[in-house]
Every structure is written in C-alpha cells, then in structure tokens.
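See below for the structure under consideration.
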Amino acid sequence: MKPNNYITIAVGVVINKQDELLTVQKNGSSYYQLPGGKIEGEERPVDSLIRELNEELHILLKEQHCKLLGVHEAQAVNEAGKTVRGYVFQCEFVDQFEQIEPHAELREIRWVKKTEIEEVKLANLLKQFALPIWMEN
C-alpha cells in the first residue's frame, strides 16, 4: 500500500478502577475508538498521545504513564481506502480520568464493560489489537 494511504496514529488503552475501557466517539463517526490521534510531523508517538489526550480530554499525562503495547495496522473506519498504523500504548489510570468530558473533535466518551463489548460498534484497531489484550487480563 502506498504511504499516502496510511494514517499514523498514537492511541491509549485506559482502564479505570471498575475494569472498564475508555472509548471515544469523534464527531461524524458511529464508531467508538481508543483516545488519541494522528502523529504530526517528526513527533514521537508518545508525545503525540500526550498532546492528543490533553487536547481532546484535558488530561495531562507524562511519558512515564505510557507503555507501548505494540504497533498494529487495521483498515480505517472513518476514511475509506486508508489503513491506520497505530502505536498503541497502555496508559496508567490517573485521577484526572474520573472527571473527563469530550473536547475538540470528540462527541462522546464511553467507559465500556467487558460484558457489554458486543453492543458497542468498535473501530478496527481497537477491536483487532487492543480488545484481545484487555479481555485476557
């Protein structure tokens, strides 16, 4: 696939104290996905994730709160013909996550329980890569 068919993003897996997974829904999308977004220029993936969480959720994470789980590719759900290359991080749950609200391009925030995962329309990167990791723990 040509490089311009790729969208490179950094996203975070955040689990709260009730073992619920943080998902977000962007404006104009019917899919729930992991919080995060596109990597800009020469930005390091972890720096992109920290910036995006600040912009979209007003969460101030530090690099030590984020651990890379892996890099995975999946078909983009919001941009036809594109492939998402996602740097997926496990983010430490910090108290700020308890009071989050959607900002920037986010429409909704949803904490998902393992028992209701089948009811939620998930983006491919979340469904194919992050979900199996969460379900095993």
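Residue order for Phe97, Phe89, fewest other beta carbons within 10 angstrom first, comes to Phe97, Phe89. Lysine pair count for the chain (Cα-Cα distance under 20 Å; residues 8 or more apart in sequence or on different chains): 21. The modelled label-to-label distance for the pair Ile133/Arg107, using points 7 Å beyond Cα in the direction of Cβ, is 2.7 nm. Compared with the alpha-carbon gap, the fully stretched path from Ile7 to Glu116 is longer by 36.4 nm at 0.36 nm per residue.
Multiply the residue separation of Val94 and Arg44 by 0.36 nm, subtract the distance between their alpha-carbon atoms, and state the gained length in nm to one decimal.
Result: 15.8 nm gained on full extension.
Counting helices only, and only those DSSP H runs with n ≥ 4, report the 222 nm mean residue ellipticity of the chain as the sum of -39,500 (n - 2.57) divided by its residues, in deg cm²/dmol to the nearest 500. Roughly -4000 deg cm²/dmol at 222 nm, from the helical runs in the chain.
Where does the charge balance sit around Ile50 when Lys and Arg score +1, Asp and Glu -1, over other residues with C-beta under 11 Å from its C-beta? Summing Lys/Arg as +1 and Asp/Glu as -1 gives -2.
FYI, it's all coordinate maths here, none of it is from the lab. These numbers come from a predicted model, not from an experiment. Here Cβ is always computed from backbone atoms with ideal geometry, including for glycine, and neighbour counts include all displayed protein chains.
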